[in-house]
1. Per residue, how big is the convex hull of the chain when only Cα atoms are used? Give it in Å³.
2. How much length would be gained if the chain were fully extended between residue 53 and residue 27, taking 0.36 nm per residue of separation minus their Cα-Cα distance, in nm to one decimal?
3. Which angle between 0 and 90 degrees, to the nearest 10, do you get for helix 46-65 versus the longest principal axis of the chain when only C-alpha atoms count?
4. Would you compute, from DSSP H runs of 4+ residues alone, the mean residue ellipticity of the chain at 222 nm, taking -39500 (n - 2.57) per run and dividing by the full residue count, rounded to the nearest 500?
């Protein structure tokens, strides 16, 4: 197995933050229509990409404020 797979920062014992439920938040708090809970179509246009930015930015700011890494999930 390539060495880089063993040197991932999240494997070093430090604390990392991650998000709290992309699709659930966008559907139930933002009122977005995500058929079959699929968020990947959001990357296809600017409106969807803006929604993703609005969702992730507060999490990234919290991680930065506390000097922590962030494990960024992907819209699926």
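1. Roughly 123 Å³ of hull volume per residue.
2. Taking 0.36 nm per residue and subtracting the Cα distance, the gain is 7.8 nm.
3. 40 degrees
4. My calculation for the chain gives -11500 deg cm²/dmol from helical runs alone.
No lab work stands behind these numbers, since they all come straight from the coordinates. Quantities reported herein were computed from a predicted structural model and do not represent experimental measurements.
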